[in-house]
Amino acid sequence: MARPAEREPRWRRNEKEDRSEVRAAVQRFTALGLLTFLVVAVPIALWLRHQAEAEALDDAVGITERLAQFAVAPLVTESLLAGDPDALAQLERRLAPWLDDTLLRAKLWDEEGTIIYSDVDELIGQNFGPDQSARAILDPSGSDVSIEVHDDAENAFETEHGELVEVYVEAFTDDGQRLMFEGYYDGALVRDEQNRVVLATAPAVVAALAVLQLALLVPAVQLARRLEGHQAVRRRLLQRAVEASDLERRRIARDLHDEVIQDLAGLSYAIEGEELRSEEEHRPLLTRARTILQDNVRALRAMTAELYPPDLDELGLPGALSQLVQPLLERGMVVTVDLPEECDLDRERCAMLYRVAREALRNVLKHAGAASVTLRLSADPGRVVLRVVDDGAGFDPRGGAADGHLGLRLIRDTLEEAGGSLEVRSAPGEGTEVTAVLVGGAAR
């Protein structure tokens, strides 16, 4: 069985992952900033257009009111109201300068909705109902303004001009009779004014929002880099702690094997030899001492295997896991093993998964009273999953760790620090499922 391939140290991989996460976070922040920019800029642009339109329409109302007050009202006489051609011609001459440069159409209405004057002769004398004149006269401000395409009956001569600004204002005769003066202006002038205002203010708005975005981006990047540095330090400290723990395990296992176990084994052989040569009355005591020593030697050898399992180096993770189920088979349990031929993990993570399986199987052996056990190692995209499932007595996880499950709680902390997870599912009478997940690696 091939040994696990040497891989880049995990703390370096995690540093790269951290940097990638930081870059992704900065990119998300930038994208969110751009989205916020659009969410803010679009309403501002629409508001500016609306304000420009309102300002242009107010200007149109002001022009129309001045025309009504100073140009039209002084010429409204009984002759004009009676339709006298000379009076109409005089008003035509008075409005001619504005009709050439500003006004597209001019109309003068009475309260009954009759057109008294228009620059279109065909409209003079036509009645379109009192609703037309009431628009301005009934309005508290004495005026009404809109910008749209006009297609009413009275607008037969304006429809061809497209979008127009229509303004109604009050006008009074010398004797106090109330009339309504109507003027039409080119709607393109309003739209041009809107565009001018937006284009004039847009650079300042865009610059302000861009500066705000950059001002927020700089501390965000600095914060992300500090977090990256803290994460890298934490990863390195964890890696050093794991490596130190592994080295200490090796040293303890080596010292036990090379010194204590060898000395105790030699002592047991010496006692066994003395037992054979001693008198009959002393042999039971020597036999008892030899048995205790041999039991202690076996216990110490098992302890060294737990401290630093040699099977991982010799067999790889799948082979070492296969060895773990032997005690269960000897107990007569039905064991199902589903393991890949190879597992592309570094020794650190192999050891973590090995300890999870060893602790779970030990609990099954000592506490579960199970008849069958399943051990499965599989690879999902980007992660390796180890599952140990038994049909034993189970326990209630909400009541805290059952006897024998404290080891799994300690292993969970180590897995989580390494970026993995450990989940224990169980219920009284329904068995137990232990699932360990480590990110990265592959099983084949």
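The values are calculated or read from the model by the stated rules, or taken from the named source; none is laboratory data. As the structure is a computational prediction, the values presented were derived from the model and not from experiment. Every residue, glycine among them, receives a Cβ derived from its backbone with ideal geometry; neighbour counts consider all protein chains shown. Surface accessibility is based on the protein's heavy atoms, side chains included, excluding ligands, DNA and RNA. Shrake-Rupley method; radii C 1.70, N 1.55, O 1.52, S 1.80 Å.
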How far apart, in nanometres, would the label points at residue 287 and residue 111 be if each is projected 7 angstrom from Cα along the Cα-to-Cβ direction? 13.8 nm
Estimate the FRET efficiency between residue 37 and residue 233 by the formula 1/(1 + (r/R0)^6), using the beta-carbon distance for r and 25 Å for R0, to the nearest 0.05. 0.10
Post the alpha-carbon centroid distance, segment 55-76 to segment 249-288, in whole angstrom. 122 Å
With label points set 7 Å from each Cα along the Cα-to-Cβ direction at residue 259 and residue 66, the distance between them in nm comes to 10.8 nm
Highest first, please rank the peptides 111-117, 31-37 by the mean number of other Cβ atoms sitting within 10 Å of their residues. 111-117, 31-37
Would you mind calculating the gained length between residue 201 and residue 149 on full extension (0.36 nm times residue separation, minus the Cα-Cα distance), in nm to one decimal? 15.9 nm
Plugging the Cβ-Cβ distance of residue 210 and residue 275 into 1/(1 + (r/R0)^6) at R0 = 60 Å yields, to the nearest 0.05, a FRET efficiency of 0.05
So, in nm, how far is label residue 217 from label residue 366 when the simple model puts each one 7 Å beyond its Cα toward the Cβ? 5.9 nm
Chain lengthening between residue 123 and residue 192 when straightened (0.36 nm per residue, less Cα-Cα): 21.8 nm
Quick one: order 348, 193 from most to least accessible surface, probe 1.4 Å. 193, 348
Log entry: pair-distance distribution for segment 29-84, C-alpha pairs binned every 10 Å from zero, whole % per bin is 20, 22, 18, 14, 11, 9, 5, 1
Using per-residue counts of other Cβ atoms within 10 Å, averaged over each peptide, order 362-371, 88-97 from highest down. 362-371, 88-97
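Would you list 47, 109 from the most to the least accessible area, probe 1.4 Å?
The ranking, largest first, comes out as 47, 109.
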Treating each Cα of segment 62-117 as an identical point scatterer and ignoring solvent, apply the Debye formula and state log10 I(q)/I(0) at q = 0.18, 0.24 Å⁻¹. -0.59, -1.04
Computed from the beta carbon distance with a Förster radius of 30 Å, FRET efficiency for residue 23 and residue 301 to the nearest 0.05 stands at 0.05
